[in-house]
Amino acid sequence: MSLTEEELKMQITGDSSGTDSGDDVDEDVAEQAVIAPELKRLSRQTGEGSQELRPLQEIVIAGGPWPELEGDGQTMIINMGPQHPSTHGVLRMMMELDGETVVRAKPVIGYLHTGMEKTGEELTYVQGATNVTRMDYVSPLSNELVFATAVEQLLDVELPERAIWMRMMLVELNRISSHLLFQATNGMDMGAVNMMLYGWREREEVLRVLEIITGLRMNHNFIRPGGLAADLPDGWQEAVLGVCEQVEAGIADYDKLLTENPIWQSRTVGVGVITTEQCMALSITGPVLRSTGFPWDLRKTQPYLAYDQVDFDVIYTDNGDCYDRYRIRLFEVLESVKIVRQCVAKMPGGDYRVQDKKITPPPRARIDESMEALIHHFKLFTEGFRVPPGETYARVESPRGEIGCYLVSDGTGKPVRMHVRGPSFYNLQAISPMMEGRMVADAVAIISTCDPIMGEVDR
Amino acid sequence: MTESAFAYTTPTDALVVKFAGSVAIESHGQSVVHVEKSSLADVVEYLRVSEEFTMCLDVTAVDHLQDVERSQIPGIKRERFEVVVNLISHPRNIRIRLITQVPESDPSVPTLTSSFSGTSFPEREVYDMFGITFEGHPDLTRILMPDEWVGHPLRKDDAPARVPVTFKGDPGPR
């Protein structure tokens with residue numbers, strides 16, 4: 001929050017009566033000598049740094065008409081976050097408030113920046129998956145998938161059928177867990193705290209199944225260039241089908257609890273409206289784009305894996321408000337359940353990874369009996385494999401929108417550039433136009449329904 | 001939408017004809033056009049207005065400092081930096097990637113925010129990470145790194161920081 005010099009001075013001297021007429025001039029001078037450096041220090045602490053809100057008229061995309069300023073027209077700049085429970089991590093919103101109304105807003109990010117793209121240049125392609133899986137930590141398998149796809153495009157390898165269907169099933173399970181997490185946190189942000197417990201409950205069941213298959217609840221490092229890390233374990237069908245039923249029952253509960261709930265509707269309907277045109281201009285993808293009545297889903301429009309062989313619908317709504325974004329994510333879970341069921345039914349046999357000795361490590365049993373296999377395994381995991389020079393952009397529909405991976409190789413074992421287009425990073429740009437002119441309480445709902453994952457935003 | 005609504009069969013053809021110095025190639029089944037730095041903003045605006053490219057998906061950059069022997073493309077003088085722009089046309093369901101060479105001596109490109117305001121964040125990211133300025137950008141400040149940071153981390157000559165780890169009770173080198 002920025003304070004005027006006068007207010008700062010009052011805080012320092014503890015003089016609540018303001019500036020009285022100076023009776024004693026000498027005392028004033030002495031006071032000034034103390035106050036001047038202190039003022040400087042405090043203004044450094046309370047200023048907004050070099051990040052500044054843009055002038056009002058420049059934010060064209062947000063559209064007018066601007067609300068008439070209430071009261072005496074005095075506005076105040078408030079920093080919401082980065083340490084705020086509703087900011088989903090470390091998002092800082094700089095908001096100019098006029099009373100309770102947000103006049104301007106700007107997301108300030110970078111608090112979770114860990115230089116993952118730089119790290120990616122130092123890791124081999126085998127190690128790369130462990131890096132990207134930590135970007136969007138709520139849907140790590142989408143990140144692994146897009147990275148693996150990019151590497152495979154450069155290597156020009158064809159995956160076996162079973163690997164494709166396994167990947168599709170895992171990514172859809174991950175989409176379910178991601179959307180359940182959204183339901184939980186979104187409910188909590190709006191005050192429906194019981195929703196948080198329900199959402200977390202079902203998500204935990206999905207993560208348990210992912211743990212059975214991949215060995216880890218999160219950050220799986222399971223989808224790797226050339227296929228997957230391991231085959232499906234015994235009894236996976238029962239586990240997957242069981243969790244499908246639990247999720248469906250859970251979704252029915254949420255639907256009953258929230259969708260027709262008048263309090264819920266009054267918090268979300270008509271709040272944070274965005275149009276298709278704004279989404280197009282601001283590069284917004286995923287559920288936020290689909291909530292504006294534009295049924296764009298890469299799984300349907302530019303199919304990858306085997307999405308053209310399964311039956312599912314693209315969920316979209318027309319109003320582009322918080323309520324629609326909630327409904328889209330609710331019903332997308334059911335479509336994902338549909339896909340998972342078809343994957344279980346149609347799961348082909350065969351190999352779960354490419355049998356190419358250049359990129360696939362030898363089976364575990366061979367390592368025990370063959371020196372060459374041991375050396376091969378060791379070389380692959382210490383030096384990695386070489387990827388032909390070239391550049392490619394792979395894209396996948398993650399739970400938050402189009403996640404892309406731009407990969408440049410120079411023919412060595414490490415990429416020259418590994419750039420991930422995180423959908424949350426772009427979707428954050430929607431927050432300002434959604435928020436401006438709305439109340440502060442709506443800001444929380446708007447941030448929440450954009451569903452930003454800061455790990456992916458800051459990378 | 002029938003293809004006849006457009007003057008050229010594909011947008012890459014259009015760019016090669018309309019903008020001198022453009023070279024179209026294909027990279028792993030994706031259409032890529034190398035364009036001149038000076039015409040980048042015009043190319044993007046042309047694609048938006050005339051070829052129905054509705055969204056700019058991504059703006060990023062590559063530093064080729066240590067990659068001097070990379071493949072040469074006829075008609076393109078390779079420079080240290082490359083700025084990469086990914087565009088998508090929703091009505092035509094096609095994608096295009098524009099690559100422009102940016103020399104080390106003058107690391108600046110015209111901004112694309114006048115065509116697609118959504119390129120604001122990624123351009124700030126490229127500026128932050130590579131020090132490539134986007135002329136005309138309304139708010140070109142650092143986005144991920146702290147404001148007072150010196151240097152641009154994703155440049156190849158900006159070495160990653162290494163901090164020696166000392167353990168509690170470590171007697172030191174023996």
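The values are calculated or read from the model by the stated rules, or taken from the named source; none is laboratory data. Predicted model only: the values in this text are computed from it and were never measured. FYI the Cβ positions are ideal-geometry reconstructions off the backbone, even for glycines, and counts take in every protein chain you see. We work out accessible area using only protein heavy atoms, side chains counted, and drop any ligands, DNA or RNA first. Shrake-Rupley method; radii C 1.70, N 1.55, O 1.52, S 1.80 Å.
Assorted remarks:
- Test for B:Asp147: is it away from chain A (no Cβ under 12 Å) and modelled with pLDDT under 90: no
- Test: residue in region B:4-14 that is at pLDDT below 90, at the interface with chain A (Cβ under 9 Å from one of its Cβ atoms) and touching a helix residue (DSSP H, G or I) at 6+ places or on another chain (Cβ under 6 Å): no
- Whichever residue in region A:106-134 is within 14 Å of another protein chain (Cβ to nearest Cβ), touching a Lys or Arg at 6+ places or on another chain (Cβ under 9 Å) and not in a loop (DSSP other than H, G, I, E, B) and, among such residues, is most open to solvent (accessible area, probe 1.4 Å): A:Glu122
- Pick from region A:331-354, criterion open to solvent by less than 10 Å² (accessible area, probe 1.4 Å) and in contact with a Phe, Trp or Tyr (Cβ under 6 Å, 6 or more places away or on another chain), ranking: nearest to A:Ile284 (Cα to Cα): A:Ile339
- Within region B:3-30, being among the small types (Gly, Ala, Ser) and either within 17 Å of B:Pro91 (Cα to Cα) or open to solvent by less than 20 Å² (accessible area, probe 1.4 Å) (or both) holds for B:Ser4, B:Ala5, B:Ala7, B:Ala14, B:Ser22, B:Ser27.
- In region A:200-210, the condition of being open to solvent by less than 40 Å² (accessible area, probe 1.4 Å) and farther than 22 Å from A:Glu335 by Cα is met by no residue.
- Of the residues screened, B:Asp106 is one that is open to solvent by 50 Å² or more (accessible area, probe 1.4 Å) and away from every other protein chain (no Cβ under 14 Å).
- Residue match in region B:39-53 (condition: in contact (Cβ under 8 Å) with a residue 40 or more places away in the chain, of a type in the set (A, V, I, L, M) and open to solvent by 10 Å² or more (accessible area, probe 1.4 Å)): yes
- Cβ pairs under 9 Å, 6+ apart, first in region B:72-89 and more than 10 Å from chain A (Cβ to nearest Cβ) and assigned to a loop (DSSP other than H, G, I, E, B), second surrounded by 22 or more Cβ atoms within 10 Å (Cβ to Cβ) and among the acidic types (Asp, Glu): B:Arg80/B:Asp63
- Residue within region A:250-267 that is of a type in the set (Val, Ile, Thr), within 14 Å of B:Met55 (Cα to Cα) and open to solvent by 20 Å² or more (accessible area, probe 1.4 Å) present: no
- Residue match in region A:135-156 (condition: away from chain B (no Cβ under 13 Å) and open to solvent by 20 Å² or more (accessible area, probe 1.4 Å)): yes
- For region B:109-124, a residue qualifies if it is within 12 Å of chain A (Cβ to nearest Cβ) and touching a residue at least 60 places away in the same chain (Cβ under 8 Å), and the qualifying residues are B:Leu112, B:Ser114, B:Ser115, B:Phe116, B:Gly118, B:Thr119, B:Pro122, B:Glu123.
For (1) within 30 Å of A:Ile274 (Cβ to Cβ); (2) touching a Lys or Arg at 6+ places or on another chain (Cβ under 9 Å); (3) in a helix (DSSP H, G or I), each residue gets a yes or a no:
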| position | (1), (2), (3) |
| --- | --- |
| A:Ala345 | no, no, yes |
| A:Gly349 | no, yes, no |
| A:Asp356 | no, no, no |
| A:Arg366 | no, no, yes |
| A:Ile375 | no, no, yes |
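- Number of residues in region B:109-130 that are more than 17 Å from A:Arg459 (Cβ to Cβ) and open to solvent by 10 Å² or more (accessible area, probe 1.4 Å): the value is 7.
- Extreme residue, nearest to B:Glu104 (Cα to Cα), among residues of region B:34-56 that are in contact with a helix residue (DSSP H, G or I) (Cβ under 8 Å, 6 or more places away or on another chain) and within 13 Å of chain A (Cβ to nearest Cβ): B:Cys56
- Residue match in region A:247-256 (condition: of a type in the set (Asp, Glu), within 26 Å of A:Leu380 (Cα to Cα) and either in contact with a Pro (Cβ under 8 Å, 6 or more places away or on another chain) or touching a residue at least 24 places away in the same chain (Cβ under 8 Å) (or both)): no
- Considering B:Asp158, B:Asp170, the condition of being within 13 Å of chain A (Cβ to nearest Cβ) and over 18 Å from the mean Cα position of the chain (by Cα) is satisfied by B:Asp158 alone.
- Number of the condition not met by A:Lys118 [criteria: (1) over 30 Å from A:Lys358 (Cα atoms); (2) free of Cβ contacts under 8 Å to residues at least 12 places away in the same chain]: (1)
- Residue list for region B:1-38, restricted to those being without any contact (Cβ under 8 Å) to a residue 40 or more places away in the chain, of a type outside the set (A, V, I, L, M, F, W, C) and touching a strand residue (DSSP E or B) at 6+ places or on another chain (Cβ under 6 Å): B:Ser22, B:His28
- Residues in region A:303-330 that are open to solvent by 10 Å² or more (accessible area, probe 1.4 Å) and not in a loop (DSSP other than H, G, I, E, B): A:Asp308, A:Gln309, A:Tyr323, A:Arg327.
- Residues of region A:198-206 include none that is among the aliphatic types (A, V, I, L, M) and touching a residue at least 60 places away in the same chain (Cβ under 8 Å).
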